[in-house]
Every structure is written in C-alpha cells, then in structure tokens.
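Working notes, beginning with the structure itself.
The values are calculated or read from the model by the stated rules, or taken from the named source; none is laboratory data. The structure displayed is predicted, hence computed values, not measured ones. We place every Cβ from the backbone using ideal geometry, glycine too, and count neighbours over all the protein chains shown. For accessibility, only protein heavy atoms count, side chains too; no ligands or nucleic acids. Shrake-Rupley method; radii C 1.70, N 1.55, O 1.52, S 1.80 Å.
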Amino acid sequence: MARMPGAQWRPVPNCTKGGQDAVYGVVLHIMQGTLWGSDSWFRNPSAQASSHFGVGKDGTILQWVDTADRAWAQASGNRTWISIEHEGKSGESLTAAQIAADGKILAWAHKTHGVKLQIADSPTGRGLGWHGMGGSAWGGHTACPGTPIKNQRDEILKAAGAGGSPGGGSVTTTYTVKKGDTLSSIASRYKTTVAKLVSLNKLKDADKLSVGQKLKLPGASSKPSTSVYEPFPGSAFFHGGRNSPIVTAMGRRLVAEGCGAYRTGPGPNWTNADRESYRRWQKKLGYSGADADGIPGKASWEKLRVPNV
C-alpha cells in the first residue's frame, strides 16, 4: 500500500488491485477538463479510465489509485508507470502551483519507489515522462500533455529537488570509472578540466581508463553538475567499437524526436544506424553539408537533451 501524505485520498473503482508490476517513473497527462470533472468520470465504470493522481490548477492533489494498484491511464504503460492527470487542456502550460504539486509527487515517488529524478522520453526509460512518449502502445495520444507541459519537466525536477547525475548531490574526493566513461565526460560532469584530472591522477594516457579505476577529483569541483542531462562527451567519443549506455540513451532520444534509423535497438554499441539517426537530427535542426555528418557536436547534443545514465 502506498498513499501519498498531503494528497486527498479519493479512491475510485476503475483500477486493477495489486496490478502495479513496477514503477519506472511518473507520466504526465492532461485532463482536457477540470479536476472535479475527472474525479466524477473516474467513478463511472463505463469510463474504463483512471489515474493515480490528479492536480488542479490551484495545486490541489487528489490520489485516486493506490500506487500498489494499476491505474488505467496509458494502456500498455499502466503496469510500470505512475500517472498524474492535470486540470487544463493540451497546449496549455502548468500553473506554478501545479509545478510545485508535481514536484511533491515526484519527490515522494523518488523516496517511496526509487523513481529517478531525471527526464524520461521512452517507455523503457526511467524518470519523469509524458503520455505521448509511449506512441500507439500507450493509446496513441501523442498530443498529451502537450509541448508546453513536456518542456516544463525541468521545472518539476527542480521542484522535486533533483540532485543531478546518478550518485550526485554528495561531495566526494574520488570517482570510480564506469563503462563508457571518458576523461572529458567525467571532467564535464564534475565541473573541472581534463588537464586537471590528468595532473592530479598522474595519468600517462588520457584516453586509457579502466572500469573500476579510482580517480581523484579536485576538491573544489567534487560535486557533480546538477544537470539532469548527460554532458557532451566530446566528438571523439563516437567511433566504431564504442560501447556505452550513453549511446543507448542518445538513440532513445533520437527515436523520440522522430529521427531513428534503427532496425533493432538502439543499443550501447555505436553503429552506422546511430550515425544516420544523428545525421537526421542534425538536419532537423537545420544543419547541412559537413555540419550534418552524423557525428555529435556540442550544440546539437545539448539540444537533444540526453538524460543522465
């Protein structure tokens, strides 16, 4: 049983008891109506619809379904995602009170279910997602909750107290190298430079790191960046033979932006399909010629907003 303190508990019959298989994250929806109109609709068995939470424009939080139970909000995504419906219509932005309320729900979901405080743009991702990201499998509601709300997720993360990259928020003096790390990506994440890391750790080759290797971090910069997005690892990172979860996360964002050229995947290995997908993203941004060669650059990478992995 999981009911959020501070939310008005108003249970509805439209749900599957004990049916929540997992909690990958929180999905944002729009009601196309009012909070209390939705409250009434979810009590109608013929509606075949419900949501775990509802948030009014004034910040009122209703909880309709216990998060141990499955709400009926996003079709095949119901088993693994918690849902929040918002008073309003597609194309509108959330009010400041709604953003604050969403932050409370997300912070509670983080504490209660381990939901990651990061952006999610794929049904297989983790964090703060949106209804349309599930495509036809989630009912085909690609305009839900609308671009303005989708773009307010950073504000919701801030309201929830997002701490940035995994393991972030606490000051450390060492960093353990993970698969896919490069010295430039570590330097970017910890607000330092490759030169400082090389000097501090007496590295002979900045391009050679081993998984599990311990790196000392400059004390003044030992707190990770608070960005929820993966820092640009440098163009040299993207080459044949590269295997990294960063590549998978990038591929998922490219698919979400309608630029995917994958027959299978995306996966952690950098392939020609990744390069073609990224080329499509560059062209979507207006690049051409040598600027649309499929190799990520800093400006286009930052606009892609790849979530931290």
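Just the number, please: carbon plus sulfur as a percent of the accessible area of region 226-292, 1.4 Å probe, no ligands or DNA/RNA counted.
Details: 1530 of 3250 Å².
The computed percentage sits at 47.
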* Asked: Hey, if you put +1 on the Cβ of every Lys and Arg and -1 on every Asp and Glu Cβ in the chain, which of Ala120, Ser38, Leu62 ends up farthest toward the positive end of that dipole?
  -> Ala120
* To do: Calculate the radius of gyration of the Cα atoms of region 227-309 to one decimal place, then report Dmax, the largest Cα-Cα distance, as a whole number, both in Å.
  => 11.3, 31
* Structure fact -> Heavy-atom accessible area of region 69-157 with neighbours in place, 1.4 angstrom probe: carbon+sulfur share in percent works out to 52 percent
* **Rg/Rh for region 35-78, where both radii come from Cα atoms and Rh is the Kirkwood radius** => 0.96
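How large is the helix-only mean residue ellipticity at 222 nm for the chain, computed as the sum of -39500 (n - 2.57) over DSSP H runs with n ≥ 4, divided by its residue count, in deg cm²/dmol to the nearest 500? Please report the intermediate quantities before stating the final value.
Numbers: 9 runs with 84 residues, N = 309.
About -8000 deg cm²/dmol.
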* **Positive-end extreme of charge dipole, region 1-143 - chosen from Ile99, His86, Ala109 (charges on Cβ)** => Ala109
* Structure fact -> Of the listed links Lys158/Lys303; Lys89/Lys158; Lys178/Lys283, those spanning more than 27 angstrom between alpha carbons are Lys178/Lys283
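Is there a quick way to get the dipole size of the chain? I mean about its Cα centre, with the Cβ of Lys and Arg at +1 and of Asp and Glu at -1; what is the value in debye to the nearest 20?
Details: 38 positive and 22 negative charges, 195 e Å.
Computed charge dipole of the chain: roughly 940 debye.
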* What dipole magnitude, in Debye to the nearest 20, does region 1-87 give about its Cα centre under +1 on Lys/Arg Cβ and -1 on Asp/Glu Cβ? -> 160 debye
* To do: Would you please state the base-10 log of I(q)/I(0) at q = 0.08, 0.10 1/Å for region 59-215, with intensities from the Debye formula using one equal scatterer on every alpha carbon?
  => -0.33, -0.50
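Per residue, what volume in Å³ does the Cα convex hull of region 1-115 take up?
Details: hull volume 10.4 nm³, N = 115.
Hull volume normalised by residue count: 91 Å³.
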* Return a whole-number percent for the relative contact order of the chain, with Cα pairs under 8 Å and 6 or more residues apart as the contact set. => 15 percent
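Starting from the Kirkwood Rh over alpha-carbon pairs, what translational D in µm² s⁻¹ does the chain have by Stokes-Einstein at 20 °C and 1.002 mPa s? Can you show the working numbers first?
Numbers: Rh = 20.7 Å.
Result for D is 104 µm²/s.
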* Projected onto the charge dipole of the chain (+1 at Lys/Arg Cβ, -1 at Asp/Glu Cβ, origin at the Cα centre), which of Gly297, Cys144, Leu285 gives the Cα projection farthest towards the positive end? -> Gly297
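What whole-number value in Å² describes the accessible area per residue of the chain for a 1.4 Å probe?
Details: 13980 Å² over 309 residues.
Result: 45 Å² of accessible area for each residue.
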* **Proximal aspartates and glutamates relative to Lys298, as straight alpha-carbon distance under 13 Å, when same-chain residues fewer than 8 apart are discounted** => Glu230
